[in-house]
Amino acid sequence: MTAGTAASPPSPPAAGNPPSPLLRGAVWLALLAAAAGCVAGVVGNGQMGLEALMAVALGLLILAPIFVRLIRGEFDLFEPMVMVSAVYFLYFSAAPLIRFAMDDMVFVGRNFQDDYAEGLLTMFPCVLALWAGYSLPVGPSARRGPGPAWSPARARTLAWACAGCALLCMVLWARVAGRSVGIFFLPGLIGSASADSEGGTDVAYFFLAIEWFIPVLLILMAMGGLRGRGRQLGMLLFITIIYISIGFRYRIVVMWLAVGMLAYLRTGRRPSVLRMLPLGVAGLAFIGWLGQARLFFRSAGTIGKLGFDFRGTLLSAITDTRIFETFMAVQDVVPQFVDHAGIQPFVYPLVLPIPRFLWPGKPYPNWLLEIGGSIGTKEGLTLGAAVPHFGEYYMAFGWPGMLIGTFLFGMGVKVLWRWFKAAPDDPWRQVIFALHNAFLFQVIIRGYLAQIVQEWAFYMVPVLVIMWLSRRAARGGKDVAVA
């Protein structure tokens, strides 16, 4: 590293340290939960007792790799397996248990009480295939050692230019759609937004360009473009306000997760699990509140409210976990009444980038309509429903597609971890890893590959382009750094 550049952060803590008492306690809590599930299943009055037992057993299977890491003293909070386990546990184990306890098994006019046993049973081979892909010694290895030199100054300049482009695209979208730019800044509180138009869909790329703020923020943090926590927090809150205003709930989750991980990766430390638990609860409550308030923001304060109540917030927070119900509904009709989608979900990402005004005959992803239609109610027909990522694999090729797809997904997550561990001090790897690790959340819960590829492109293309240009600038330049 040349003079004038910051010293590389220390490497992450080595594996092999004994687990803390808190983590040992988590294992005991899981065992107690299993015992409680057994009691519910054996002495229950027939009202979801068996399903509760299955949900607890599934939760233990989902968390099994974490328990193994704890026992062996190899637990790393930032290992992608932890993110996958957390999302799977919340969506397919904890959420069903909450619904059983609250007697909340009706979704868009259909009672799913009789569907849970089959749905939970289906999850066991899915999770086994996932962990097989993650654990078996298959998949490509990663090149070890530092990457090429780059120019931090050029990276910072390009990142700020990308932020400016994102702001410009916000303004262009608002003008073309006939809306006030104030719609991006808490409409209803400022009072400057206009909710009389729903235009702008023909220039969707202008709108989606605001996702560039996330990679820009990460690059600036890693390259010294936002020195001091105050500036970093200020930009983070600025972007959060924009995303809250337009109801981007899960982009907020991805951004905050990625920012938090990168901040710790830069120091070579890991956050305390004891500190993360209340933050996770607070984050879940925030998601629930925002789910209720997003209509208020989107309508400039004319519809909805900003009130808070525990039951409503809790149910809103786990509303998105209803993708488990839509998956169970899809299982009922595919392929008995609806044919498999075949290769369409995997080909459509190549079609999606082409604007419809350039290709009037551009096909529609008709298999997505079958998700809401499979529920069998009037409400379901108008529902913009989604399924988990393995649900789309099932819609494409049935059980073989679902098991092979989850196996490959697990293998891909493992390759991501291998790639990062090969050079954990490289700032570019830290940025890319933090962004991908956080993005796993959205990949799992949105079983629409075309949308996932689109989101990935808006997140990752700016990083890859800026990284490439900053490395070109380092050839023969003075402001040069290496990992």
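The table that follows gives values for the structure above.
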{"item": "Residue satisfying all of: in segment 269-308; open to solvent by 70 Å² or more (accessible area, probe 1.4 Å) and in a loop (DSSP other than H, G, I, E, B); modelled with the highest pLDDT among these", "result": "R269"}
{"item": "Residue, farthest from A329 (Cα to Cα), within segment 105-118, restricted to residues that are open to solvent by less than 30 Å² (accessible area, probe 1.4 Å) and part of a loop (DSSP other than H, G, I, E, B)", "result": "M105"}
{"item": "Boolean, V413 is closer than 30 Å to W150 by Cα and within 20 Å of the chain's Cα centre (by Cα)", "result": "yes"}
{"item": "Qualifying residue in segment 388-408 (condition: within 19 Å of the chain's Cα centre (by Cα), open to solvent by 10 Å² or more (accessible area, probe 1.4 Å) and farther than 20 Å from V87 by Cβ)", "result": "no"}
{"item": "Residue in segment 417-428 that is within 17 Å of L257 (Cβ to Cβ) and assigned by the TED database to the domain that holds T157 present", "result": "yes"}
{"item": "Selection within segment 236-255 - within 24 Å of L440 (Cβ to Cβ) and modelled with pLDDT of 85 or more", "result": "L236, I239, T240, I242, Y243, R251, I252, V253, V254, M255"}
{"item": "Every residue from segment 69-117 that is closer than 26 Å to M48 by Cβ, touching a helix residue (DSSP H, G or I) at 6+ places or on another chain (Cβ under 7 Å) and of a type in the set (D, E)", "result": "D104, D115"}
{"item": "Which listed residue is within 28 Å of G260 (Cβ to Cβ) and without any contact (Cβ under 8 Å) to a residue 60 or more places away in the chain, from I445, I432", "result": "I432"}
{"item": "Residue check for F337: open to solvent by 70 Å² or more (accessible area, probe 1.4 Å) and assigned to a helix (DSSP H, G or I)", "result": "no"}
{"item": "Qualifying residue in segment 326-344 (condition: at pLDDT 90 or above, under 30 Å from R99 (Cβ atoms), of a type outside the set (V, I, T) and in contact with a strand residue (DSSP E or B) (Cβ under 7 Å, 6 or more places away or on another chain))", "result": "no"}
{"item": "Qualifying residue in segment 179-186 (condition: assigned to a helix (DSSP H, G or I), at pLDDT below 90 and open to solvent by 20 Å² or more (accessible area, probe 1.4 Å))", "result": "yes"}
{"item": "Residue satisfying all of: in segment 340-387; hydrophobic (A, V, I, L, M, F, W, C), assigned to a loop (DSSP other than H, G, I, E, B) and more than 21 Å from E325 (Cβ to Cβ); least open to solvent (accessible area, probe 1.4 Å) among these", "result": "L352"}
{"item": "Qualifying residue in segment 133-146 (condition: within 30 Å of A52 (Cβ to Cβ) and buried (at least 19 other Cβ atoms within 10 Å of the Cβ))", "result": "yes"}
{"item": "Options F100, F67, F89: the member that is open to solvent by 50 Å² or more (accessible area, probe 1.4 Å), free of Cβ contacts under 8 Å to residues at least 60 places away in the same chain and outside any loop (DSSP other than H, G, I, E, B)", "result": "F89"}
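The values are calculated or read from the model by the stated rules, or taken from the named source; none is laboratory data. Keep in mind the model is a prediction, meaning the values are calculated, not measured. Every residue, glycine as well, gets a Cβ built from its backbone with ideal geometry; the counts of neighbours run over all protein chains shown. These accessible areas exclude ligands, DNA and RNA; they are computed on the full protein's heavy atoms, side chains included. Shrake-Rupley method; radii C 1.70, N 1.55, O 1.52, S 1.80 Å.
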